[in-house]
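Values in this text are rule-based calculations from the coordinates and carry no lab data. All of these numbers come straight from a predicted model, not from anything done at the bench. A quick note on method: Cβ atoms are made from the backbone with ideal geometry, for glycine too, and the neighbour counts reach across all protein chains shown.
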Amino acid sequence: MAKERKETPLNKQYNQIKAKYPGALLLFRVGDFYETFGEDAIRASKILGIVLTRRNNGGSHEELAGFPHHSLDNYLPKLVRAGERVAICDQLEDPATAKGIVKRGVTELVTPGVSLNDNVLDVRRNNYLAAVHVGDDDVYGVAFLDISTGEFMTSQGNAAYVDKMLQGFSPAEVLFCKKHKQEFNQLFGGKYHTFQLEDWCFGYDYGYDQLITHFQTATLKGFGIENLPMGIIAAGVILHYLRETEHKEVSHISRVTRLEEEKYVWLDRFTVRNLELVFPQQEGGVPLIQILDQTVTPMGARLLRKWVVLPLKEKLPIEERLNTVEHYLNHEDFHDAVTQYLKHIGDLERLISKVAVRRINPRELVQLKKSLKQIGPIKELLAGLVQEEKKVKAGKTSGSAYAVLNKYADQLNPCSFLIDEIETKLRDDAPVLSNQGRMIKSGVDSDLDELHAISYEGKDYLLKLQNREIERTGIGSLKIAYNRVFGYYLEVTHAHQNKVPADWIRKQTLVNAERYITPELKEYEEKILNAEDKISTIEFRIFSELMLTAAEYVGTIQQNALVISTLDALGSFATIARKNNYVKPVITEGKELDIKDGRHAVIEQQLPLGETYVPNDLYLDDTTQQIIIITGPNMAGKSALLRQTALIVLMAQMGSYVPAKAASIGLVDKIFTRVGASDNLSRGESTFMVEMTETASILNNLSDRSLVLMDEIGRGTSTYDGVSIAWAITEYLHSQPEYRPKTLFATHYHELNQLADDFPRIKNFNVAVKEVDNKVIFLRKLKPGGSAHSFGIHVAQIAGMPQPIVLRASEIMHHLEKDHVTEAHKKRVKEIPKNNFQLSIFEPADPRLEELKEKLTLVDVNTLSPIEALLKLNEFQKIIKK
Ligand SMILES: Nc1ncnc2c1ncn2[C@@H]1O[C@H](COP(=O)(O)OP(=O)(O)OP(=O)(O)O)[C@@H](O)[C@H]1O
């Protein structure tokens with residue numbers, strides 16, 4: 001908070017307002033400027049690059065920085081993007097008529113998560129505000145709101161679920177309770193702009209009350225969230241925060257939906273990151289969304305983003321999407337026609353939200369009309385298909401493209417009345433500001449037309465007057481101009497001073513010129529200004545009426561926007577399928593995953609010119625081939641294969657065609673990914689420990705329809721430990737009585753190939769390479785069978801390692817292989833009792849587990865160095881071996 005300033009009346013007012021918005025940067029309107037003081041000024045000048053000045057304030061110095069009020073749209077986004085909460089304090093009365101100090105108040109508190117400003121928002125992305133309620137017993141509430149579109153969702157689940165949701169929606173700001181600061185930071189901290197609220201805002205009754213008051217309902221049953229107490233609290237906090245931030249007109253938030261965990265594939269956060277669904281892992285990388293997004297409307301782009309992080313797991317809605325994509329592909333003319341209409345649709349969702357919050361400007365209302373004009377023709381196009389359907393009689397089954405498109409046709413509302421209203425009243429070239437006139441068409445209001453005529457004639461008269469005076473005085477450069485202080489005046493340069501007639505009255509002297517008025521000029525000025533004042537009032541009234549009419553359509557237009565965004569997102573799938581040669585996957589309720597000639601959607605687009613991606617078949621099921629151990633040298637393409645498999649499954653379940661020749665996808669409900677520890681080295685965490693805890697979390701959350709990707713698990717420790725752990729995990733995955741999760745395990749440990757000898761559903765594959773003249777050629781083909789050794793040395797050679805080192809490494813490897821990979825060694829590993837999980841760390845009744853648990857709780861993973869982690873592991877192993 002700013003230091004107390006010397007108490008002039010203005011300072012007193014400032015201090016009072018500032019105290020009401022702790023933590024916010026206060027933009028204080030003084031005349032034509034927004035000023036900041038003290039700490040605020042220091043921050044603002046740094047972020048905005050504006051001049052910081054100091055002034056003497058009762059003996060001490062005070063910093064101040066400001067900018068002209070009309071630059072607010074430029075500066076505000078910069079402050080908000082820098083994570084500032086900005087309180088905009090305006091003059092609430094006309095300074096010219098105010099008695100004493102002008103009344104001021106905060107008209108909006110703009111925070112990263114609550115913004116309607118086009119310059120802050122990214123059109124292709126939602127801007128979510130999230131609230132997290134840290135509940136008891138590992139149940140947390142989480143709610144999301146995009147105030148710019150009105151989308152409001154809530155849910156509850158365990159910490160991992162909330163973390164995953166936060167990661168998927170990447171909110172611009174997260175609210176949580178002050179009391180739970182430590183817990184929040186431990187679980188989700190560090191990644192988001194956050195704001196802490198008082199404990200009392202997180203009460204169930206308070207939240208419930210907030211919601212029913214906002215939606216004007218007696219209960220929450222209609223929203224399907226009645227049984228989500230933690231979710232209700234989180235959603236209530238969001239509504240509370242809107243009031244705190246002076247967002248009172250929010251009727252466009254017309255419902256709160258339940259984010260149904262059961263409807264979507266569970267992607268653990270490593271999967272979202274590792275598969276680079278929406279963000280690249282490294283700067284310059286390409287996420288999947290960038291390949292898939294061919295949408296042409298902002299709503300379509302935002303919806304697609306959601307689909308990518310929330311793939312479906314029920315057959316029917318997936319097939320609805322796939323069938324519609326197929327229809328687009330089979331009817332290119334239809335697809336083209338829909339796309340052409342879509343291209344002319346602006347951001348319907350955000351435009352109608354601005355209507356609801358009464359912030360739409362005349363130009364945007366014209367845009368809204370233009371966008372709505374496309375709805376009718378699209379509806380007709382879709383409805384036209386129904387006739388076609390009757391002909392082909394193919395649309396009887398629910399989920400068929402005809403049935404789906406017909407449903408969309410029904411849901412679209414052309415909003416003809418609203419379009420007519422705007423069309424007849426608002427000029428197409430209406431300005432941005434609603435107080436500048438020239439908004440309303442002639443013929444709408446007879447008084448307005450009359451006033452326009454008076455103003456026009458008046459101006460015409462002034463032009464004649466100017467010409468007449470030029471002739472009379474001989475001053476060729478004489479001109480009549482206008483400003484807000486003097487009204488209309490005659491301006492004469494000093495050079496012509498001597499020609500000025502005596503009946504002109506001098507008003508102002510400038511450096512080069514003198515300004516005069518005449519009684520005749522003033523007479524017409526009054527007529528014109530009078531008329532213009534009245535014009536402005538009438539135009540504003542008509543515009544406000546139009547805005548009210550549009551406000552009646554909020555729900556209808558939101559519905560239109562949803563259909564339009566769906567048509568657009570599905571059209572995008574069709575475009576990309578056509579362009580990149582994808583195929584329609586077959587979705588089954590079975591457990592088989594059968595991919596023929598599968599490719600990696602992103603890598604295949606990035607290969608150097610002339611190179612083509614080598615496709616591969618992949619089969620997994622729960623009876624014959626549940627786990628595949630993939631060996632092969634570095635760089636062979638193991639990781640690519642793992643990822644492409646997951647991407648194909650996910651794309652299919654999003655409703656997209658997939659990069660393959662054929663794909664039959666037995667529905668997957670969870671995808672887990674773990675990549676060997678070395679990837680995390682740069683984050684300086686105790687990598688092996690992290691790897692193990694994360695792997696453990698996979699093993700504890702498995703389901704029968706899970707797909708597990710393990711990439712070089714165990715490589716963060718010594719070879720023997722690594723092999724042992726990888727071995728144990730694989731055995732475990734195979735031996736679960738209830739679950740048979742389909743697993744791809746890429747590894748350098750060819751020792752793991754022995755597993756296939758003893759476990760019927762484990763199969764060995766390798767990514768083939770060919771050795772020619774002691775060099776490795778990558779074939780990138782997945783072949784049955786294990787690989788003998790890892791070729792790491794050859795890769796070192798390719799990478800330019802000095803020849804003596806390569807030769808010496810070959811010698812050592814040869815020696816080690818002779819010594820260790822003997823039949824006797826293989827036997828040793830095989831002879832270890834298998835499936836003996838009663839003795840394993842997973843057995844809860846084991847007293848060693850209790851000891852281990854106790855030790856583990858004392859470990860602070862975040863502060864452990866890799867060496868310390870290994871020592872700890874050694875200690876734990878000793879306990880287990882007791
Ligand atoms: N099927 C393929 N067709 C063409 N290029 C491929 C294919 N698979 C992988 N690649 C290329 O090879 C590179 C290395 O692949 P990848 O990272 O999957 O190898 P890896 O076997 O997992 O290696 P490491 O063991 O070192 O992690 C990829 O970045 C990609 O450019």
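Structural remarks
- Nitroxide proxy distance, nm - points 7 Å out along Cα→Cβ at A82 and F279: 2.2 nm
- Legend: calculated FRET efficiency, N74 to D449, from the Cβ-Cβ distance at R0 = 41 Å, rounded to 0.05, equals 0.60.
- Between the helical axis of 332-343 and the longest alpha-carbon principal axis of the chain there is an angle of about 50 degrees.
- Projected label points at Q497 and Q736, each 7 Å from Cα along the beta carbon direction, are separated by 9.6 nanometres.
- The slack in the chain from R427 to R848, taken as 0.36 nm per residue of separation less the alpha-carbon distance, amounts to 143.5 nm.
- Other residues whose C-beta falls under 13 angstrom from the C-beta of L220 contribute a net charge of 0, scoring Lys and Arg +1 and Asp and Glu -1.
- Spatially proximal aspartates and glutamates relative to K248 (Cα-Cα < 18 Å; intrachain offsets below 8 disregarded): D90, E108, D146, E151, D209, E552
- Residue order, fewest to most surrounding Cβ atoms within 10 angstrom, among I542, I535: I542, I535
- Residue separation of K507 and A337 scaled by 0.36 nm, minus their Cα-Cα distance, works out to 54.8 nm of gained length.
- Rounded if a/c under 1.5, otherwise prolate or oblate - the chain, Cα gyration tensor axes: prolate
- Beta bridge orientation in the chain: antiparallel %, DSSP, nearest 5: 65 percent
- Nearest-ten-degree value, helix 401-411 long axis tilted from longest Cα axis of the chain: 30 degrees
- Multiplying the residue separation of S544 and R468 by 0.36 nm and removing their Cα-Cα distance gives an extension gain of 23.2 nm.
- At R0 = 51 Å, FRET efficiency that the Cβ-Cβ distance of V772 and L858 yields, to 0.05: 0.40
- Helix 519-551 and the longest principal axis of the Cα set of the chain meet at an angle near 30°.
- Cross-link reach list, lysines versus K103, counting only Cα pairs under 16 Å and skipping chain neighbours closer than eight places: K12, K18, K20
- Ascending count of other beta-carbon atoms within 10 Å, so fewest first, for R81, R358, R302: R358, R81, R302
- Student exercise, the chain dipole from Lys, Arg, Asp, Glu Cβ charges, in Debye to nearest 20: 1080 debye
- Estimated purely from DSSP H runs of n ≥ 4, each contributing -39500 (n - 2.57), the mean residue ellipticity at 222 nm for the chain is -14000 deg cm²/dmol once divided by its residues.
- Student exercise, region 129-263 dipole from Lys, Arg, Asp, Glu Cβ charges, in Debye to nearest 20: 200 debye
- Measuring r between the beta carbons of E457 and I50 and using R0 = 35 Å, the FRET efficiency lands at 0.15.
- Simple rule: put +1 on each Lys or Arg Cβ and -1 on each Asp or Glu Cβ in region 446-548, find the dipole, and look at Y488, G474, A453; the Cα lying farthest toward the positive end is G474.
- 25 Å Cα-Cα threshold exceeded, pairs from K459/K507; K78/K191; K354/K425; K373/K534; K179/K306; K191/K306: K373/K534; K179/K306
- As a proxy for reagent exposure, T566, T213 were ordered by neighbouring Cβ count within 10 angstrom, fewest first; the result is T213, T566.
- Global geometry of region 424-485, whether rounded, prolate or oblate, following the gyration tensor of its Cα atoms and the 1.5 cut on a/c: prolate
- Pairs from the list K164/K638; K181/K878; K369/K464; K263/K742; K343/K661 with a Cα-Cα gap above 30 Å: K181/K878; K369/K464; K343/K661.
- For A662, the shell of other residues with beta-carbons less than 15 Å away shows a net charge of -1, using +1 for Lys and Arg and -1 for Asp and Glu.
- Taking region 72-101 and a reference point 7 angstrom along Cα→Cβ of D32, the backbone N atoms nearer than 14 Å belong to 72.
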